[in-house]
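Here the structure comes first, spelled out in C-alpha coordinates, and everything after it is commentary.
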Amino acid sequence: MKLQISKTSQTRISEFDFDNLEFGRIFSDHMLEMVYNNGAWQSAEIKPYGPITFEPSMMALHYGQAVFEGMKAYYANDDTINLFRPHDHHQRLNNSARRLCMPEIEESLFIEALEELMRLDHTWVPKKHGQALYIRPVMFATEEYLAAKVSEEYKFLIITSPVGAYYSEGFNPVKLTTSENYVRAVKGGTGEAKAAGNYGGSFLPARNAQKKGYTQVLWLDANEHKYVEEVGTMNIFFLIGDKLITPKLSGTVLPGITRRSVIALAKEWSVDVEERKISIDEVFEADSNGTLKEVFGAGTAAVISPVGLIHHQGQTLTLDQEKVGPFAKKMFDTITGIQYGKLKDTHGWVHPVNVRSSVLQ
Ligand code: COI
(Lines give C-alpha, C1' and ligand atoms only; values in the text may rest on other atoms or scores of the structure.)
Protein backbone atom coordinates (compact mmCIF):
# COMPACT_ATOMS: atom_id res chain seq x y z
CA MET A 1 0.00 0.00 0.00
CA LYS A 2 1.31 3.45 -0.87
CA LEU A 3 1.60 6.04 1.89
CA GLN A 4 -0.18 9.25 0.79
CA ILE A 5 1.04 12.57 2.16
CA SER A 6 -0.98 15.78 2.45
CA LYS A 7 0.99 18.53 4.15
CA THR A 8 -0.46 21.24 6.31
CA SER A 9 -0.51 24.70 4.73
CA GLN A 10 0.45 26.41 7.99
CA THR A 11 2.42 25.12 10.96
CA ARG A 12 1.00 25.79 14.46
CA ILE A 13 4.37 25.50 16.18
CA SER A 14 4.71 29.18 17.16
CA GLU A 15 1.59 28.89 19.36
CA PHE A 16 3.46 26.76 21.91
CA ASP A 17 6.04 27.32 24.63
CA PHE A 18 8.67 24.59 24.33
CA ASP A 19 10.32 25.66 27.59
CA ASN A 20 7.28 24.52 29.59
CA LEU A 21 6.06 21.29 28.07
CA GLU A 22 3.42 19.36 29.93
CA PHE A 23 3.22 15.66 29.05
CA GLY A 24 0.85 14.96 26.16
CA ARG A 25 -0.98 18.30 25.94
CA ILE A 26 0.02 19.60 22.53
CA PHE A 27 0.21 17.86 19.19
CA SER A 28 2.42 18.40 16.19
CA ASP A 29 1.26 19.37 12.70
CA HIS A 30 0.76 15.94 11.14
CA MET A 31 -0.70 12.53 11.93
CA LEU A 32 -1.04 9.18 10.20
CA GLU A 33 -4.49 7.80 9.51
CA MET A 34 -5.09 4.26 8.21
CA VAL A 35 -8.46 2.69 7.49
CA TYR A 36 -9.31 -1.03 7.63
CA ASN A 37 -12.37 -2.69 6.15
CA ASN A 38 -13.29 -5.64 3.91
CA GLY A 39 -10.52 -7.68 5.53
CA ALA A 40 -7.60 -5.38 4.66
CA TRP A 41 -5.98 -2.03 5.37
CA GLN A 42 -7.34 0.16 2.56
CA SER A 43 -5.43 3.42 2.89
CA ALA A 44 -2.59 5.09 4.75
CA GLU A 45 -2.38 8.86 4.75
CA ILE A 46 -0.27 11.41 6.57
CA LYS A 47 -2.38 14.52 6.91
CA PRO A 48 -2.72 17.63 9.10
CA TYR A 49 -3.44 16.79 12.76
CA GLY A 50 -7.11 17.42 13.48
CA PRO A 51 -10.49 16.04 14.51
CA ILE A 52 -11.78 12.76 13.16
CA THR A 53 -15.46 12.02 12.80
CA PHE A 54 -17.31 8.92 13.96
CA GLU A 55 -20.84 7.81 14.73
CA PRO A 56 -22.16 7.22 18.27
CA SER A 57 -22.46 3.53 17.40
CA MET A 58 -18.70 3.16 16.80
CA MET A 59 -17.80 -0.13 18.48
CA ALA A 60 -14.60 1.02 20.27
CA LEU A 61 -16.73 3.33 22.41
CA HIS A 62 -18.97 0.51 23.54
CA TYR A 63 -16.70 -2.50 23.87
CA GLY A 64 -13.24 -1.03 24.34
CA GLN A 65 -11.58 -2.77 21.39
CA ALA A 66 -8.62 -0.39 21.35
CA VAL A 67 -4.85 -0.77 21.75
CA PHE A 68 -2.01 1.71 21.69
CA GLU A 69 1.74 2.17 21.91
CA GLY A 70 3.94 4.78 23.53
CA MET A 71 7.31 5.50 21.97
CA LYS A 72 9.67 8.43 21.64
CA ALA A 73 11.86 10.33 19.17
CA TYR A 74 14.89 12.32 20.31
CA TYR A 75 16.70 15.30 18.84
CA ALA A 76 20.28 14.24 18.00
CA ASN A 77 21.22 17.20 15.78
CA ASP A 78 19.61 19.45 13.17
CA ASP A 79 19.85 16.67 10.59
CA THR A 80 18.98 13.66 12.71
CA ILE A 81 16.06 12.53 14.84
CA ASN A 82 16.49 9.24 16.72
CA LEU A 83 13.55 6.88 17.03
CA PHE A 84 14.08 4.53 19.98
CA ARG A 85 13.48 0.81 19.33
CA PRO A 86 10.63 1.32 16.79
CA HIS A 87 10.78 -2.34 15.66
CA ASP A 88 10.17 -3.52 19.24
CA HIS A 89 7.23 -1.15 19.58
CA HIS A 90 5.84 -2.42 16.30
CA GLN A 91 6.09 -6.00 17.50
CA ARG A 92 4.35 -5.18 20.78
CA LEU A 93 1.60 -3.29 18.93
CA ASN A 94 0.86 -6.35 16.83
CA ASN A 95 0.93 -8.59 19.92
CA SER A 96 -1.63 -6.32 21.58
CA ALA A 97 -3.74 -6.22 18.39
CA ARG A 98 -3.79 -10.04 18.19
CA ARG A 99 -4.96 -10.29 21.82
CA LEU A 100 -7.92 -8.04 21.02
CA CYS A 101 -8.72 -9.71 17.66
CA MET A 102 -7.59 -6.67 15.72
CA PRO A 103 -5.66 -6.56 12.44
CA GLU A 104 -1.87 -6.29 12.43
CA ILE A 105 0.13 -3.48 10.87
CA GLU A 106 2.85 -4.22 8.36
CA GLU A 107 6.27 -3.41 9.79
CA SER A 108 7.67 -1.61 6.72
CA LEU A 109 4.62 0.68 6.58
CA PHE A 110 4.83 1.43 10.31
CA ILE A 111 8.50 2.41 10.01
CA GLU A 112 7.97 4.38 6.78
CA ALA A 113 5.11 6.35 8.37
CA LEU A 114 7.23 7.14 11.44
CA GLU A 115 10.17 8.27 9.33
CA GLU A 116 7.91 10.44 7.19
CA LEU A 117 6.26 11.98 10.27
CA MET A 118 9.75 12.78 11.64
CA ARG A 119 10.78 14.41 8.36
CA LEU A 120 7.61 16.54 8.25
CA ASP A 121 7.52 17.47 11.95
CA HIS A 122 11.19 17.39 12.98
CA THR A 123 11.00 20.97 14.28
CA TRP A 124 8.49 19.70 16.86
CA VAL A 125 11.10 17.42 18.42
CA PRO A 126 12.19 19.45 21.44
CA LYS A 127 15.93 19.98 21.81
CA LYS A 128 16.54 20.08 25.56
CA HIS A 129 17.84 17.10 27.50
CA GLY A 130 14.87 15.44 29.19
CA GLN A 131 12.48 16.44 26.42
CA ALA A 132 11.37 14.29 23.48
CA LEU A 133 8.66 13.85 20.88
CA TYR A 134 6.25 11.31 22.34
CA ILE A 135 4.71 9.12 19.64
CA ARG A 136 1.30 7.59 20.20
CA PRO A 137 0.14 4.93 17.73
CA VAL A 138 -3.46 3.91 18.50
CA MET A 139 -5.86 1.42 16.86
CA PHE A 140 -9.57 1.17 17.55
CA ALA A 141 -12.75 -0.50 16.28
CA THR A 142 -14.84 1.72 14.02
CA GLU A 143 -17.65 -0.51 12.83
CA GLU A 144 -21.05 1.04 13.55
CA TYR A 145 -22.82 -1.83 15.28
CA LEU A 146 -24.04 -2.62 18.77
CA ALA A 147 -23.59 -6.41 18.70
CA ALA A 148 -20.87 -7.42 21.19
CA LYS A 149 -18.48 -9.04 18.72
CA VAL A 150 -15.23 -8.43 16.88
CA SER A 151 -15.41 -5.29 14.72
CA GLU A 152 -14.91 -5.63 10.96
CA GLU A 153 -13.57 -2.07 10.65
CA TYR A 154 -10.70 -0.17 12.29
CA LYS A 155 -8.72 3.03 12.26
CA PHE A 156 -5.04 3.24 13.05
CA LEU A 157 -3.60 6.66 13.91
CA ILE A 158 -0.16 7.90 14.87
CA ILE A 159 -0.13 11.27 16.61
CA THR A 160 2.93 12.94 18.13
CA SER A 161 3.39 15.30 21.06
CA PRO A 162 6.44 17.26 22.26
CA VAL A 163 6.89 16.39 25.94
CA GLY A 164 8.92 17.04 29.05
CA ALA A 165 8.95 14.80 32.15
CA TYR A 166 5.95 12.49 32.65
CA TYR A 167 5.62 12.96 36.40
CA SER A 168 5.35 16.41 37.92
CA GLU A 169 8.20 15.27 40.20
CA GLY A 170 10.47 15.28 37.10
CA PHE A 171 13.51 13.12 37.88
CA ASN A 172 12.82 13.38 41.62
CA PRO A 173 11.59 10.34 43.58
CA VAL A 174 7.91 9.37 43.28
CA LYS A 175 5.74 7.93 46.05
CA LEU A 176 3.92 4.63 45.50
CA THR A 177 1.23 2.79 47.40
CA THR A 178 -0.22 -0.66 46.94
CA SER A 179 -4.00 -0.87 46.57
CA GLU A 180 -5.96 -2.98 49.06
CA ASN A 181 -9.11 -3.39 47.00
CA TYR A 182 -8.20 -3.28 43.36
CA VAL A 183 -6.01 -5.18 40.89
CA ARG A 184 -4.74 -4.19 37.47
CA ALA A 185 -4.64 -7.54 35.67
CA VAL A 186 -5.47 -11.19 36.10
CA LYS A 187 -3.85 -14.26 34.55
CA GLY A 188 -5.45 -14.88 31.18
CA GLY A 189 -6.67 -11.27 30.98
CA THR A 190 -5.27 -8.42 28.92
CA GLY A 191 -2.54 -7.27 31.32
CA GLU A 192 0.36 -7.92 28.97
CA ALA A 193 -1.35 -6.16 26.05
CA LYS A 194 -1.31 -2.40 25.78
CA ALA A 195 -5.10 -2.37 25.80
CA ALA A 196 -6.82 0.97 26.43
CA GLY A 197 -9.16 -0.63 28.98
CA ASN A 198 -6.26 -1.64 31.24
CA TYR A 199 -5.64 2.05 31.83
CA GLY A 200 -9.28 3.12 32.24
CA GLY A 201 -9.75 0.45 34.91
CA SER A 202 -6.78 1.72 36.90
CA PHE A 203 -7.92 5.34 37.18
CA LEU A 204 -10.17 4.97 40.25
CA PRO A 205 -7.48 3.33 42.44
CA ALA A 206 -4.90 5.77 41.04
CA ARG A 207 -7.13 8.71 41.95
CA ASN A 208 -7.66 7.31 45.44
CA ALA A 209 -3.87 6.99 45.82
CA GLN A 210 -3.30 10.54 44.59
CA LYS A 211 -5.85 11.91 47.06
CA LYS A 212 -3.69 10.41 49.81
CA GLY A 213 -0.55 12.06 48.44
CA TYR A 214 0.93 9.15 46.44
CA THR A 215 2.01 9.51 42.83
CA GLN A 216 0.86 6.11 41.56
CA VAL A 217 -0.31 2.63 42.57
CA LEU A 218 2.21 -0.19 42.90
CA TRP A 219 0.14 -3.12 41.63
CA LEU A 220 0.19 -6.50 43.34
CA ASP A 221 -0.86 -9.81 41.79
CA ALA A 222 -4.59 -10.55 41.67
CA ASN A 223 -4.44 -14.08 43.13
CA GLU A 224 -2.60 -13.68 46.38
CA HIS A 225 -2.24 -9.91 46.54
CA LYS A 226 1.32 -10.53 47.55
CA TYR A 227 3.66 -10.25 44.58
CA VAL A 228 4.70 -6.97 43.00
CA GLU A 229 3.72 -6.57 39.34
CA GLU A 230 4.21 -3.05 37.92
CA VAL A 231 3.15 0.55 38.35
CA GLY A 232 0.76 0.86 35.39
CA THR A 233 2.77 3.55 33.63
CA MET A 234 6.12 1.84 34.19
CA ASN A 235 7.80 -1.43 35.17
CA ILE A 236 9.51 -1.65 38.55
CA PHE A 237 13.06 -2.55 39.61
CA PHE A 238 14.56 -3.21 43.05
CA LEU A 239 18.29 -3.08 43.75
CA ILE A 240 18.67 -5.44 46.70
CA GLY A 241 22.24 -6.09 47.82
CA ASP A 242 24.03 -6.31 44.51
CA LYS A 243 21.13 -7.91 42.62
CA LEU A 244 18.72 -6.10 40.33
CA ILE A 245 15.29 -7.71 40.71
CA THR A 246 12.20 -7.12 38.57
CA PRO A 247 8.90 -9.02 38.38
CA LYS A 248 9.02 -11.56 35.59
CA LEU A 249 6.69 -11.35 32.61
CA SER A 250 4.07 -13.90 33.52
CA GLY A 251 1.16 -12.60 31.44
CA THR A 252 -0.09 -9.86 33.73
CA VAL A 253 2.82 -7.42 33.40
CA LEU A 254 3.36 -5.15 30.40
CA PRO A 255 6.55 -6.18 28.57
CA GLY A 256 8.17 -2.74 28.69
CA ILE A 257 10.72 -1.77 26.05
CA THR A 258 12.57 0.40 28.59
CA ARG A 259 12.40 -2.57 31.00
CA ARG A 260 14.13 -4.70 28.38
CA SER A 261 16.77 -2.00 27.84
CA VAL A 262 17.45 -1.71 31.59
CA ILE A 263 17.92 -5.48 31.89
CA ALA A 264 20.28 -5.57 28.89
CA LEU A 265 22.42 -2.69 30.21
CA ALA A 266 22.56 -4.06 33.77
CA LYS A 267 23.71 -7.45 32.46
CA GLU A 268 26.33 -5.69 30.37
CA TRP A 269 27.59 -4.01 33.55
CA SER A 270 27.87 -7.50 35.11
CA VAL A 271 25.01 -6.86 37.51
CA ASP A 272 23.17 -9.99 38.57
CA VAL A 273 19.63 -9.51 37.15
CA GLU A 274 16.76 -11.62 38.43
CA GLU A 275 13.40 -11.67 36.64
CA ARG A 276 11.24 -13.47 39.16
CA LYS A 277 8.36 -13.20 41.59
CA ILE A 278 9.12 -10.65 44.28
CA SER A 279 6.71 -10.22 47.17
CA ILE A 280 5.99 -6.88 48.77
CA ASP A 281 7.07 -8.49 52.07
CA GLU A 282 10.49 -9.25 50.60
CA VAL A 283 10.85 -5.58 49.63
CA PHE A 284 9.93 -4.42 53.16
CA GLU A 285 12.23 -7.04 54.70
CA ALA A 286 15.12 -5.89 52.51
CA ASP A 287 14.42 -2.37 53.72
CA SER A 288 14.47 -3.50 57.38
CA ASN A 289 17.72 -5.42 57.03
CA GLY A 290 19.39 -2.59 55.12
CA THR A 291 19.85 -4.40 51.80
CA LEU A 292 17.26 -2.41 49.81
CA LYS A 293 19.47 0.08 48.04
CA GLU A 294 17.29 1.53 45.31
CA VAL A 295 13.87 1.28 43.73
CA PHE A 296 13.07 2.77 40.35
CA GLY A 297 10.50 2.55 37.58
CA ALA A 298 11.23 2.24 33.87
CA GLY A 299 8.91 3.16 31.01
CA THR A 300 8.81 5.09 27.76
CA ALA A 301 6.98 8.08 29.17
CA ALA A 302 8.70 8.00 32.56
CA VAL A 303 12.14 6.85 31.25
CA ILE A 304 13.80 6.04 34.63
CA SER A 305 11.88 7.29 37.61
CA PRO A 306 13.34 6.89 41.10
CA VAL A 307 10.96 5.74 43.84
CA GLY A 308 11.36 7.49 47.21
CA LEU A 309 8.57 5.90 49.21
CA ILE A 310 6.40 2.77 49.21
CA HIS A 311 3.28 2.41 51.33
CA HIS A 312 1.66 -0.97 51.94
CA GLN A 313 -1.08 -1.81 54.45
CA GLY A 314 -0.22 0.88 56.96
CA GLN A 315 3.55 0.45 56.67
CA THR A 316 5.78 2.88 54.85
CA LEU A 317 9.32 2.46 53.69
CA THR A 318 11.31 5.45 52.57
CA LEU A 319 14.38 5.49 50.45
CA ASP A 320 16.55 8.58 50.27
CA GLN A 321 13.86 11.04 49.23
CA GLU A 322 16.17 13.89 48.40
CA LYS A 323 18.38 11.92 46.10
CA VAL A 324 18.29 9.83 43.02
CA GLY A 325 20.21 6.60 43.68
CA PRO A 326 23.53 6.19 41.82
CA PHE A 327 22.36 3.09 39.96
CA ALA A 328 19.13 4.74 38.71
CA LYS A 329 21.16 7.83 37.77
CA LYS A 330 23.68 5.79 35.81
CA MET A 331 20.83 3.93 34.08
CA PHE A 332 19.06 7.19 33.23
CA ASP A 333 22.26 8.78 31.93
CA THR A 334 23.12 5.75 29.82
CA ILE A 335 19.67 5.22 28.32
CA THR A 336 19.14 8.89 27.55
CA GLY A 337 22.74 9.17 26.31
CA ILE A 338 21.99 6.44 23.77
CA GLN A 339 18.60 7.92 22.89
CA TYR A 340 20.01 11.41 22.17
CA GLY A 341 22.93 9.92 20.26
CA LYS A 342 25.53 11.10 22.78
CA LEU A 343 26.62 7.56 23.69
CA LYS A 344 27.47 4.81 21.25
CA ASP A 345 24.49 2.58 20.50
CA THR A 346 26.03 -0.88 20.57
CA HIS A 347 22.62 -2.63 20.63
CA GLY A 348 21.01 -1.26 17.48
CA TRP A 349 18.26 0.38 19.55
CA VAL A 350 18.41 3.76 17.86
CA HIS A 351 16.82 4.23 14.46
CA PRO A 352 18.21 7.54 13.13
CA VAL A 353 16.06 9.44 10.64
CA ASN A 354 17.79 11.91 8.37
CA VAL A 355 15.43 14.87 8.24
CA ARG A 356 17.65 17.11 6.15
CA SER A 357 15.74 16.43 2.95
CA SER A 358 12.67 18.20 4.26
CA VAL A 359 14.71 21.04 5.80
CA LEU A 360 15.83 21.89 2.27
CA GLN A 361 12.31 21.84 0.83
C1 COI B 1 4.27 4.95 28.01
O2 COI B 1 5.18 4.90 28.83
O3 COI B 1 4.46 5.23 26.83
C4 COI B 1 2.90 4.69 28.40
O5 COI B 1 2.17 4.20 27.58
C6 COI B 1 2.47 5.08 29.74
C7 COI B 1 1.36 6.07 29.75
C8 COI B 1 1.62 7.45 29.41
C9 COI B 1 0.02 5.57 29.56
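The values are calculated or read from the model by the stated rules, or taken from the named source; none is laboratory data. Every value quoted in this text rests on a predicted model; they were computed, and no experiment measured them. FYI the Cβ positions are ideal-geometry reconstructions off the backbone, even for glycines, and counts take in every protein chain you see. The accessibility values were calculated without ligands, DNA or RNA, using every heavy atom of the protein model including side chains. Shrake-Rupley method; radii C 1.70, N 1.55, O 1.52, S 1.80 Å.
Which one of F332, F284, F296 is aromatic (F, W, Y), assigned by TED's automatic domain parsing to the domain that holds P247 and touching a residue at least 40 places away in the same chain (Cβ under 8 Å)? Break it down into steps so the answer makes sense when it comes.
Working: F332 fails: assigned by TED's automatic domain parsing to the domain that holds P247; F284 fails: touching a residue at least 40 places away in the same chain (Cβ under 8 Å).
Result of the check over F332, F284, F296: F296.
If you go through the stretch 101-116, how many residues are away from the ligand (no atom under 16 Å from the Cβ) and in contact (Cβ under 8 Å) with a residue 40 or more places away in the chain?
11
Has the stretch 57-73 got any residue that is within 16 Å of the ligand (Cβ to nearest atom), closer than 15 Å to P126 by Cβ and not assigned by TED's automatic domain parsing to the domain that holds V303?
yes
Please enumerate the residues belonging to the stretch 221-233 that are assigned to a loop (DSSP other than H, G, I, E, B) and either under 20 Å from the mean Cα position of the chain (by Cα) or surrounded by 22 or more Cβ atoms within 10 Å (Cβ to Cβ) (or both).
D221, E229, E230, V231, G232, T233 - these are the residues of the stretch 221-233 that are assigned to a loop (DSSP other than H, G, I, E, B) and either under 20 Å from the mean Cα position of the chain (by Cα) or surrounded by 22 or more Cβ atoms within 10 Å (Cβ to Cβ) (or both).
Does F54 satisfy being within 16 Å of the ligand (Cβ to nearest atom) and modelled with pLDDT of 95 or more?
no
Just to be sure before I move on: is Q91 open to solvent by 50 Å² or more (accessible area, probe 1.4 Å) and within 19 Å of the chain's Cα centre (by Cα) in the structure I sent?
Against the criterion (open to solvent by 50 Å² or more (accessible area, probe 1.4 Å) and within 19 Å of the chain's Cα centre (by Cα)), Q91 qualifies.
Check every one of the strands (runs of 3 or more DSSP E) wholly within the stretch 234-317 and list those with 1 or more residues that are modelled with pLDDT of 95 or more and among the basic types (K, R).
Strands (runs of 3 or more DSSP E) meeting the threshold: 243-246, 292-299.
Going through the stretch 1-22 one residue at a time, which ones are open to solvent by 50 Å² or more (accessible area, probe 1.4 Å) and under 24 Å from the mean Cα position of the chain (by Cα)?
Of everything in the stretch 1-22, those that are open to solvent by 50 Å² or more (accessible area, probe 1.4 Å) and under 24 Å from the mean Cα position of the chain (by Cα) turn out to be F16, D17, D19, N20, E22.
Is it true that some residue in the stretch 19-29 is part of a strand (DSSP E or B) and either assigned by TED's automatic domain parsing to the domain that holds H122 or within 16 Å of the ligand (Cβ to nearest atom) (or both)?
Within the stretch 19-29, not a single residue is part of a strand (DSSP E or B) and either assigned by TED's automatic domain parsing to the domain that holds H122 or within 16 Å of the ligand (Cβ to nearest atom) (or both).
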